Amino acid sequence: GQRVAVDGDAGALWPQPDEAQLADFNARRAAWLADQRRAQAAGQAAAVTRDGHAIEIAANIGGPHDVGPALAYGAEGVGLFRTEFLFMDRPAAPSEAEQLAAYRQAARLVGDRPLIIRTLDVGGDKPLPYLDLGQEANPFLGWRAIRFCLVRPDIFMPQLRAILRAGVDEDGTRRNVQIMFPMIGAPDELRAARAMLERAADELRAEGLPFAEDMAVGIMIEVPSAVAVADLLAREVDFFSIGTNDLTQYVMAADRGNARVAGLADAFQPAVLRLVRDAAVAAHAAGIWIGMCGELAGNPLATPLLLGLGLDELSMSAPAIPAVKAAVREMTLDEARRIAGAVLALDSAEAVRGYLSRLGSE
Ligand code: PEP
Ligand code: MG
């Protein structure tokens, strides 16, 4: 029954604030809400550079409840639906029917825009007690995401079936649902995942259940080996989406959750940016689109660089959308390309950050 005040941005909490503090907090809250409303209004227009080049700006979501706020901030679709949240805080995995209901609800709210559903990414920093993942010495290098799903059809098949079925609504309306596999590190892993997807489709066909026959299939680019063989992978998918959170930790060999190596686990590291460039080149050479759904995508400081590297889509946490769209509107594509060229010649994350920060003040 105690009253507390929380500042979620600062990570601060006040037990039993007094009247003067309360008045102060209420004023700050009102100012914050007014700021958010202004940002949301500014976020609605498309992200088009001064010379008319459009880049798609989408949102990362954890469930259907996130779609409304994402659209309010100006999302043009969902670039990453992290389905693991549907599997958390419960004693057993959600059934195909439960998942189908959640995916359909999200798809309805997203409307004609794309909804990219990522298949289950558990393990690593996301253990689930009922899945018997076991203790591992190096969970981030272990039995995680697609590596787990490929040998657990009891978990994977219901999800694949639910995603395929969500491509068609109950009334027969076709939805723009796309599927994305996490942690793909080699072409044979992708083929194994696609084979299971094909098996799920065969089952649905045999059962006479409607589903999207032509669903687009993409992969996350978040294991460095995927960049090395991006030309091979690009032949077999419809799109790439770069997960800079994992790509950074794996290429820098620096745990994304360990503060002691945070300087290395930095997406502005030149090694990470070169992989982003290489993935974009490989995608475009194969004629597929490439997006980014790691945290770097939502950092407006990085927007000119990512535009210049040729990314076609950026997907981020919804409140970041207005600032990223504003950054796109300030640029021409040529300027962005020049910036990307200059950044790729720099030799440290600090130099990259410094260069990009100075752009705004010139
Ligand atoms: C990423 O690794 O960048 C990513 C978007 O996936 P997650 O953060 O869910 O691992
Ligand atoms: Mg990841």
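The values are calculated or read from the model by the stated rules, or taken from the named source; none is laboratory data. As the structure is a prediction and not an experimental result, all values here were calculated from the model. Note: ideal-geometry Cβ built from the backbone for every residue, glycine included; neighbour counts use all protein chains shown. Keep in mind that these areas ignore ligands, DNA and RNA; they rest on the heavy atoms of the full protein, side chains included. Shrake-Rupley method; radii C 1.70, N 1.55, O 1.52, S 1.80 Å.
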Let me cross-check Ser95: its accessible surface, 1.4 Å probe, with only protein heavy atoms counted, in Å² to the nearest 10? 50
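In whole percent, how big is the carbon plus sulfur part of the accessible area of region 155-308, probe 1.4 Å, protein atoms only? Before the final figure, lay out the partial values.
On the way: 2880 of 5590 Å².
Carbon and sulfur together cover 51 percent of it.
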Based solely on its DSSP helices, what 222 nm [θ] is calculated for the chain when runs of n ≥ 4 H residues each add -39,500 (n - 2.57) and the sum is averaged over all residues, nearest 500 deg cm²/dmol? -14000 deg cm²/dmol
Under a Cβ-only charge scheme (Lys and Arg +1, Asp and Glu -1), can you give me the dipole magnitude of region 1-54 about the Cα centre, in debye to the nearest 20? 240
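Could you tell me the relative contact order of the chain? Use alpha-carbon pairs under 8 Å, at least six residues apart, and round to a whole percent.
Values: 651 pairs, mean separation 63.2, N = 362.
Computed value for the chain: 17 percent relative contact order.
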State log₁₀ I(q)/I(0) for region 264-327 at q = 0.19, 0.30 Å⁻¹ as given by the Debye formula over alpha-carbon point scatterers of equal weight, solvent excluded. -0.70, -1.36
Keeping all protein chains in place, calculate the accessible area per residue for the chain (probe 1.4 angstrom), answer in Å². 45
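Taking a quarter of the surface of the convex hull around the Cα atoms of region 1-80, what do you get in nm²? Can you show the working numbers first?
Numbers: hull surface 30.7 nm².
Across all orientations, region 1-80 yields a mean hull projection of 7.7 nm².
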Rank Gly291, Gly63, Gly218 by mean-square fluctuation in a GNM of the chain with C-alpha springs under 10 angstrom and give only the top-ranked residue. Gly63
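Assign one of three labels to region 41-188, namely rounded, prolate or oblate, based on the Cα gyration tensor with a ≥ b ≥ c the square roots of its eigenvalues; rounded applies when a/c is under 1.5, prolate when it is not and a/b is larger than b/c, and oblate otherwise. Spell out each step's value before the answer.
Numbers: a/c = 2.09, a/b = 1.56, b/c = 1.34.
Prolate, because a/c is 1.5 or more and a/b exceeds b/c.
Show me the GluC sites (Glu not before Pro) within region 115-207 that DSSP assigns to loop and that have at most 14 other Cβ atoms within 10 Å of their Cβ. Display every interim value, and only then the final one.
On the way: sites: Glu136, Glu170, Glu189, Glu198, Glu203, Glu207; in loops: Glu136, Glu170.
Those satisfying the criteria are Glu136, Glu170.
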Among Gln36, Leu13, Pro91, which residue has its Cα positioned farthest towards the positive end of the charge dipole of the chain, with +1 placed on the Cβ of Lys and Arg, -1 on the Cβ of Asp and Glu, and the dipole taken about the Cα centre? Gln36
Across region 160-247, what fraction of all alpha-carbon pairs, as a whole percent, falls in each successive 5 Å bin from zero upward? 3, 14, 24, 20, 16, 12, 7, 3, 0
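Carbon-plus-sulfur fraction of the accessible area of region 13-81, 1.4 Å probe, in percent? Intermediate values should be presented prior to the final figure.
On the way: 2060 of 3630 Å².
Here carbon and sulfur together make up 57 percent of the probe-accessible area.
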Which listed residue (Leu356, Leu333, Ala320) has the Cα farthest towards the positive end of the charge dipole for region 317-362, taking +1 on Lys and Arg C-beta and -1 on Asp and Glu C-beta about the Cα centre? Ala320
Per 10 Å bin, what percent of the C-alpha pairs of region 222-362 does each bin hold, from zero upward? 12, 43, 37, 8, 0
Sorted list, accessible surface of protein heavy atoms, 1.4 Å probe, largest first, for His284, His65 is His65, His284
What percent do you get for the relative contact order of region 243-362 when only Cα pairs under 8 Å and 6+ apart count? 26
Per 20 Å bin from zero, what fraction in whole % of the C-alpha pairs of the chain is there, up to the bin with the longest pair? 27, 57, 15, 0
